[in-house]
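Here's the structure, in structure tokens; my notes come after.
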Amino acid sequence: MPELYIGIMSGTSLDGIDAVLVDFSPSRPTIINKAHRPFKQELREQLLQLTQSHTVDLKTLGQLDHQLGLSYADIVNELLTASAVAPSEITAIGSHGQTIYHQPDGDYPFSMQIGDANLIAEKTAITTVTDFRRRDMAAGGEGAPLVPAFHAAMFRDDERDCTVLNIGGIANLSILPKNSSTPVSGFDSGPGNILLDGWIQLKRGNNYDSAGKWGATGRIIPDLLEQLLNEPYFKAAAPKSTGRELFNIDWLQSRLSGGERDEDVQATLYELTAISIADAVKQQQAAAKELIVCGGGVFNLHLIERISHHLPDCEISSSEKHALDPQLIEAMAFAWLARETLSDRAGNIPEVTGANRPVILGAIYPA
């Protein structure tokens, strides 16, 4: 019998919503179908404004929460129709929600995601699991990253050490030792696409730098690169997680002198991203010879080339090599986490998040 779940993900890049229909009955989960819906321009601009300014009136916040809930429900219903699958055949939906603020430190740490799960459950007639981060934070963790547990389930191998690199808006690593007695570890290394996308949007009006072509025309600015790499986050010990709250256009512009060519700034941002990722890989698992890359950044050829330049002894490959679509792994991970929640199994890894114990994640909204 199929064991069907749906995972929904909209990440820091704000490029839209991914949804996957996954069958967990085989020994290796299988994606049955997928759907992608770009954000409507007005909604994207509102979300971008919210995540960059960090100020919003309650009415706008409530309306965005509602709009996202409806958008998530719509893509699920589209996926069901395209797959000829009835809602009653789906065990549950796992929805990460859209992060609008993540503050894992301070006196009152919190992480806030929006996308009303009441609406998802009501409009789809499917039990929905969401709010995955906050129980880990209640147990003393950062609440992120959560995907290393799924990466371990999919990629860990007792014959080789490997590292999984997810390049979304933020880049995160999952360190998977071949020795099963050694815990999995992982953390956010820093910016992935977030600064690259933000700079080209600001200067050229494009949502992203296709294949890194624009950045490849520029020259690295050594002084700027040094300033950017001096950010204390890069030297901080794990567990650690980050987002737009730190790495944003204001953070970048405060370090510019004002006379730089736009394409040179972009080239420097590529180097920042590549070096911060490569340094994190080398520091955590120096002997690893394999880096499996997933997330939208896998298609940025210039970024992958720069990472490869800084990791010359490491074999870098897309998760496609392991029969997993690199753009769908995060959505698939939240389907898997919903399954862990409904099975009363912990979904966090304390060595990754810093939680004081494994905990069952998420809030359940029945159909």
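The values are calculated or read from the model by the stated rules, or taken from the named source; none is laboratory data. Small disclaimer: the values here were computed from a predicted structure and weren't measured. Cβ atoms come from the backbone with ideal geometry, glycine included; neighbour counts cover every protein chain shown.
A few remarks follow.
- When the range 57-79 is limited to residues that are in contact with a helix residue (DSSP H, G or I) (Cβ under 7 Å, 6 or more places away or on another chain) and crowded, with 19+ Cβ neighbours inside 10 Å, the one that is farthest from GLU245 (Cα to Cα) turns out to be VAL76.
- Of the helices (runs of 4 or more DSSP H) lying entirely inside the range 266-367, those carrying at least 2 residues that are surrounded by 19 or more Cβ atoms within 10 Å (Cβ to Cβ), in the same structural domain as GLN253 (by TED's automatic domain parsing) and in contact (Cβ under 8 Å) with a residue 12 or more places away in the chain are 301-310.
- Qualifying residue in the range 221-234 (condition: farther than 16 Å from ASP188 by Cα, surrounded by fewer than 16 Cβ atoms within 10 Å (Cβ to Cβ), without any contact (Cβ under 8 Å) to a residue 12 or more places away in the chain and in contact with a helix residue (DSSP H, G or I) (Cβ under 9 Å, 6 or more places away or on another chain)): yes
- Scanning the range 1-31 for residues that are farther than 17 Å from ALA338 by Cα and part of a strand (DSSP E or B) yields a single hit, ILE17.
- Given (1) touching a Pro at 6+ places or on another chain (Cβ under 8 Å); (2) in contact (Cβ under 8 Å) with a residue 24 or more places away in the chain, index of the condition ASP23 fails: (2)
- Screening ILE275 on (1) under 24 Å from GLN98 (Cβ atoms); (2) in contact with a His (Cβ under 8 Å, 6 or more places away or on another chain) shows it passes everything except condition (1).
- Scope the range 32-56; condition touching a strand residue (DSSP E or B) at 6+ places or on another chain (Cβ under 7 Å), surrounded by fewer than 21 Cβ atoms within 10 Å (Cβ to Cβ) and not in a helix (DSSP H, G or I); matching residues: ILE32, ASN33, LYS34, HIS36, ARG37, HIS54
- Within the range 243-274, the set of residues being over 16 Å from LEU196 (Cβ atoms) and of a type in the set (Ser, Thr, Tyr) comprises SER254, SER257.
- Pick from the range 213-223, criterion touching an Asp or Glu at 6+ places or on another chain (Cβ under 7 Å) and of a type outside the set (Lys, Arg), ranking: nearest to HIS102 (Cα to Cα): GLY215
- Cβ-Cβ under 7 Å pairs, at least 6 apart or on other chains, the range 99-124 side in contact (Cβ under 8 Å) with a residue 24 or more places away in the chain and under 13 Å from ALA363 (Cβ atoms), far side charged (D, E, K, R) and surrounded by 15 or more Cβ atoms within 10 Å (Cβ to Cβ): GLY115/ASP65; ASP116/ASP65
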